[in-house]
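See structure below.
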Amino acid sequence: MINSQTISLESIVGQVEGNIVSDMGGEKVMLSISNGKYYNLGEIGGVIWDAIEKPLPIEELIDNLLNEYQVDRETCEQQVLSFLEMLLKEEIILIRS
């Protein structure tokens, strides 16, 4: 199924259940039970994954990252939205507008 949802800063994002997640050397890795694919989310991707365990507005997620890491807002927004678009395409997150 191709996901045609769009993601915006006002969207609420959460994890799809049914994934096996583990920490390996400071990076988060995941196996999706539903599609059988393996993902290396990386260090920051792992932080994002943990943050969306419970549904969270993307704007709040970005604010939390800005408080934790030294990055400008525009870069953070672009990178987070791009990462979430990839996860949405793989159908391992849910988006509510």
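Determine whether segment 68-81 contains at least one residue that is open to solvent by less than 80 Å² (accessible area, probe 1.4 Å), touching a helix residue (DSSP H, G or I) at 6+ places or on another chain (Cβ under 7 Å), of a type in the set (S, T, Y) and modelled with pLDDT of 95 or more. First the steps, then the outcome.
Applying the first criterion (open to solvent by less than 80 Å² (accessible area, probe 1.4 Å)) to segment 68-81 yields 69, 71, 75-77, 80-81.
Remaining after also requiring touching a helix residue (DSSP H, G or I) at 6+ places or on another chain (Cβ under 7 Å): 76-77, 80.
Then drop every residue that is not of a type in the set (S, T, Y), which leaves none.
Within segment 68-81 (the criterion being open to solvent by less than 80 Å² (accessible area, probe 1.4 Å), touching a helix residue (DSSP H, G or I) at 6+ places or on another chain (Cβ under 7 Å), of a type in the set (S, T, Y) and modelled with pLDDT of 95 or more), the answer is no, since none of the residues qualifies.
Filtering segment 1-21 to residues that are open to solvent by less than 40 Å² (accessible area, probe 1.4 Å), within 16 Å of M86 (Cβ to Cβ) and either modelled with pLDDT under 95 or of a type in the set (S, T, Y) (or both) leaves I7, S11, V16, N19. Note on segment 22-50: residues that are surrounded by fewer than 16 Cβ atoms within 10 Å (Cβ to Cβ) and farther than 14 Å from E90 by Cα total 9.
Within segment 22-35, being out of contact with any Ser or Thr (no Cβ under 8 Å at 6 or more places or on another chain) and farther than 23 Å from R96 by Cα holds for S22, D23, M24, G25, G26, E27, L31.
For segment 84-97, a tally of residues being under 15 Å from N35 (Cβ atoms) and in a loop (DSSP other than H, G, I, E, B) returns 3. Annotation: of all residues in segment 82-97 being within 15 Å of M30 (Cα to Cα) and more than 10 Å from the chain's Cα centre (by Cα), the one that is most open to solvent (accessible area, probe 1.4 Å) is E91.
The values are calculated or read from the model by the stated rules, or taken from the named source; none is laboratory data. Owing to the predicted nature of the structure, the values given are computational and were not obtained by experimental measurement. All Cβ positions, glycine included, derive from the backbone under ideal geometry; neighbour counts span all protein chains shown. When the accessible area is computed, the model is the full protein with side chains, heavy atoms only, and any ligands, DNA or RNA have been set aside. Shrake-Rupley method; radii C 1.70, N 1.55, O 1.52, S 1.80 Å.
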